[in-house]
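The values are calculated or read from the model by the stated rules, or taken from the named source; none is laboratory data. Please read these numbers as outputs of a predicted model, since none were measured by experiment. Cβ sites come from the backbone with ideal geometry, for glycine too, and all protein chains shown count toward neighbours.
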Amino acid sequence: MKIALLGYGKMGKAVEKIATAKGHEIVYKVSLENTYDFMSVSLLNVDVAIDFSMPSAAVDNILKCFEAKVPIVVGTTGWYDQFDLIKEKCLTEGQSMVYSSNFSIGVNIFFKLNKVLAKMMSEHDDYEVMIEEIHHTEKKDHPSGTAITLAKQIISEIKSKTDFKDRLIYNENMPSQSIKPHELLIESKRIGDVTGDHTVIYESLIDEISITHKAKSRYGFAKGAVLAAEWIQGKKGIYTMEDILNL
């Protein structure tokens with residue numbers, strides 16, 4: 001495949017390494033230096049685009065790929081407030097897109113476990129549930145897209161939770177925020193160069209149950225994104241990693 005990388009930071013470089021090792025060719029890159037030069041015509045002779053850019057750039061990148069009729073794999077989060085617009089445009093125009101809050105195969109298995117556990121815990125109202133997510137200090141959005149996915153899965157199963165509330169923590173001395181009974185707390189911590197840790201915690205007066213996924217490097221995300229780019233070839237519509245992994 002001939003791939004365009006929309007975003008050439010740490011994730012873009014990880015995707016490049018995985019893709020070239022599999023015999024694919026990177027034919028176009030969008031970085032901070034040339035982002036204003038990127039247009040739909042830049043995607044001539046491109047088979048697929050992979051976006052790990054910035055939340056502020058993601059929607060524009062998607063629309064340019066649609067204009068060029070190039071399938072796109074979107075790993076950027078923080079733009080989902082415009083998801084309905086993108087979904088409608090993709091389906092009505094016969095475009096091709098895979099999006100995910102996390103392309104790691106391990107995380108998508110973790111999502112499946114989270115749904116199963118939430119359904120089981122919905123019968124036990126003596127447990128309070130929360131999510132903790134930890135990322136590097138350069139991550140722009142909070143809570144993480146992965147944490148939001150986890151929260152929505154829990155809310156869909158546990159009737160006492162109807163919304164989530166984010167608490168951003170840069171140090172342990174920050175004052176706590178009050179949480180209403182119907183709110184699911186997400187603690188978003190920004191520490192060092194942590195790739196991405198996510199923990200779902202159920203706690204009662206007598207015990208605690210938790211499940212955790214820890215990303216050891218960015219290559220898990222990159223591997224999944226390249227897999228999605230291979231999978232979307234010849235398909236039309238909007239898909240997620242659940243479709244690719246048959247979860």
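Of the strands (runs of 3 or more DSSP E) that lie entirely inside the stretch 156-242, those containing 1 or more residues that are of a type in the set (S, T, N, Q) span 183-190, 197-203, 208-214.
For the stretch 177-209, name all the residues that are surrounded by fewer than 19 Cβ atoms within 10 Å (Cβ to Cβ), among the small types (Gly, Ala, Ser) and either under 17 Å from the mean Cα position of the chain (by Cα) or closer than 19 Å to Asp166 by Cα (or both). Selection gives Ser178 alone.
State whether one or more residues within the stretch 93-113 are surrounded by fewer than 17 Cβ atoms within 10 Å (Cβ to Cβ) and farther than 30 Å from Asp193 by Cα. For the stretch 93-113, residues surrounded by fewer than 17 Cβ atoms within 10 Å (Cβ to Cβ) and farther than 30 Å from Asp193 by Cα: present. Of the residues making up the stretch 128-156, those that are modelled with pLDDT of 95 or more, surrounded by fewer than 18 Cβ atoms within 10 Å (Cβ to Cβ) and more than 14 Å from the chain's Cα centre (by Cα) are Glu128, Ser156. Pairs linking a residue in the stretch 150-167 that is at negative phi to a residue that is among the polar types (S, T, N, Q) and modelled with pLDDT of 95 or more, with Cβ atoms under 6 Å and 6 or more positions apart or on different chains, are Leu150/Asn114; Gln153/Asn114; Glu157/Ser122; Ile158/Ser122.
The rows are residues; the columns are (1) of a type outside the set (A, V, I, L, M); (2) touching an Asp or Glu at 6+ places or on another chain (Cβ under 8 Å); (3) buried (at least 17 other Cβ atoms within 10 Å of the Cβ).
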site: Val41; (1), (2), (3): no, no, no
site: Ala49; (1), (2), (3): no, no, yes
site: Ile62; (1), (2), (3): no, yes, yes
site: Phe66; (1), (2), (3): yes, yes, yes
site: Pro71; (1), (2), (3): yes, yes, yes
site: Gly75; (1), (2), (3): yes, yes, yes
site: Gln82; (1), (2), (3): yes, no, no
site: Ile86; (1), (2), (3): no, no, yes
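Out of Val41, Val74, Val59, Val98, one residue alone is in contact (Cβ under 8 Å) with a residue 60 or more places away in the chain and touching a helix residue (DSSP H, G or I) at 6+ places or on another chain (Cβ under 8 Å). It is Val98.
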